[in-house]
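The values are calculated or read from the model by the stated rules, or taken from the named source; none is laboratory data. This one's a predicted model, so the numbers in the text were calculated from it and none came from an experiment. All Cβ positions, even for glycine, are placed from backbone atoms using ideal geometry, and neighbour counts span all protein chains on display. Surface areas here come from the heavy atoms of the whole protein model, side chains and all, with no ligands, DNA or RNA. Shrake-Rupley method; radii C 1.70, N 1.55, O 1.52, S 1.80 Å.
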Amino acid sequence: MRTGSRGASVFLAAICSLALARDIPFTAVSADAGTGGEGVAWADVNGDDLPDLYVGSLYGNPGWDDTGIGGKSAVAVFADLDNDGDYDLIGDGVRRNDGSGALERIGAEQPLKSAIAFDADGDGDLDLFGAGGFFRNDGAFSFIAAEVGGLAEAECSRGLTGTDYDGDGDIDVICASRTSGIVVLTNERDRFVKTEPGEIGIEHRATGGIATGDVDNDGDLDLLLTGDSNGYLYANRGGGRFELRQEFVIAGGYMGAFADLDQDSFLDIVFAGDSKIYRNDGNGDFLPGSAVPAEGLDGPRGIAFAISTGTAISILPWDARSHRSG
């Protein structure tokens, strides 16, 4: 399993050399496609060893290269939903990869604001969960709407992630929410139990995005919360407990993400739309780093990374509502 006006640019691509230099050079690259975007994801969908890009938007045709994928959705998730070794797409609904990179929608179009693919029931295939509900993977690309305790009533309207935060071997769910701030759903094998964030040491809201990564290389996943122009890094102390490690003031944006930009074996941080990256000092603490040419971005949202021909690429789409045609 793998898991404004017409002609406005869809995204800003920041490209950085992977040389082990103190300063990482970034170059702005724009694509003229007439609309903005919200969800964004990379994957090699056609097996040519090059990362392909999908940008999703609730406010216009996101497009998929020139292949004509349309629809409306803020979600962009690649995952191998049928265990056949290639990447399928959750975007404007569910699309199956035929092995050549062609992505055929299965079922009706479904405008989505959030979604993840993870093995909720431990049966070896990826189920779907998000703002549209929970869908159990029944095999043969059949997804059945299911009522699973804790998931059905969860307010997961923004970014969300599947992660084993308590280290018990199954996948829990942590969601950002405009109303609740953050929702923690602990997997108890046959159901998901809503856990109060304060009970596990989380005291801040996440109204935009959630990201996980092992920032101190201690073997467990730490947590980055984003929203309301702030970022909060929580260190995982083991046993399902977190402790605030660092706070960030960011230039708008809804999401933050981890990537080892300088190849020093430690994860760095990029916030969508911020004018700089944050470099890991090797101890899991972050210092302001190289500048990112993010001027002019309007309400930046999703962020994703890929590696191609020795170059790391981060994509920062912004709020499509300010870039609609007409």
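Of all the numbered requirements in (1) among the aliphatic types (A, V, I, L, M); (2) at pLDDT below 85; (3) on the phi < 0 side of the Ramachandran plot, residue 102 misses one, and that requirement is (2).
Would you call residue 228 in contact with a strand residue (DSSP E or B) (Cβ under 8 Å, 6 or more places away or on another chain) and of a type in the set (D, E, K, R)? So residue 228 fails the test.
Just so you know, in segment 254-308 the residues that are closer than 20 Å to residue 113 by Cα and either at pLDDT 95 or above or small (Gly, Ala, Ser) (or both) include one that is farthest from the chain's Cα centre (by Cα), and it is 299. Residue count for segment 156-177 under the criterion of being part of a loop (DSSP other than H, G, I, E, B) and modelled with pLDDT of 80 or more: the result is 10.
Here is the figure for segment 221-247: residues that are within 19 Å of the chain's Cα centre (by Cα) and either in a loop (DSSP other than H, G, I, E, B) or hydrophobic (A, V, I, L, M, F, W, C) (or both) total 7. Mind checking which residues of segment 104-131 are part of a strand (DSSP E or B), open to solvent by 30 Å² or more (accessible area, probe 1.4 Å) and within 29 Å of residue 190 (Cα to Cα)? Residue satisfying the conditions is 106 alone. Report whether or not residue 247 is more than 26 Å from residue 169 (Cα to Cα), among the charged types (D, E, K, R), modelled with pLDDT of 90 or more and surrounded by fewer than 24 Cβ atoms within 10 Å (Cβ to Cβ). Yes, satisfied.
Scan segment 83-103 and give yes if some residue there is of a type in the set (Lys, Arg), within 22 Å of residue 164 (Cα to Cα) and surrounded by 17 or more Cβ atoms within 10 Å (Cβ to Cβ), otherwise no. There is no residue in segment 83-103 that is of a type in the set (Lys, Arg), within 22 Å of residue 164 (Cα to Cα) and surrounded by 17 or more Cβ atoms within 10 Å (Cβ to Cβ). The residue that is least open to solvent (accessible area, probe 1.4 Å), among those in segment 152-194 that are more than 20 Å from residue 234 (Cα to Cα) and acidic (Asp, Glu), is 170. Kindly evaluate residue 80 against the criterion of being at pLDDT 80 or above and open to solvent by 30 Å² or more (accessible area, probe 1.4 Å). No; evaluated as a whole, the condition is false for this residue. Within segment 226-263, the set of residues being of a type in the set (Lys, Arg) and closer than 17 Å to residue 281 by Cα comprises 245 only. For segment 250-266, a residue qualifies if it is of a type in the set (Ser, Thr, Tyr) and surrounded by fewer than 21 Cβ atoms within 10 Å (Cβ to Cβ), and exactly one does: 265. Among the residues examined, residue 200 does not qualify as closer than 25 Å to residue 272 by Cα and modelled with pLDDT of 90 or more.
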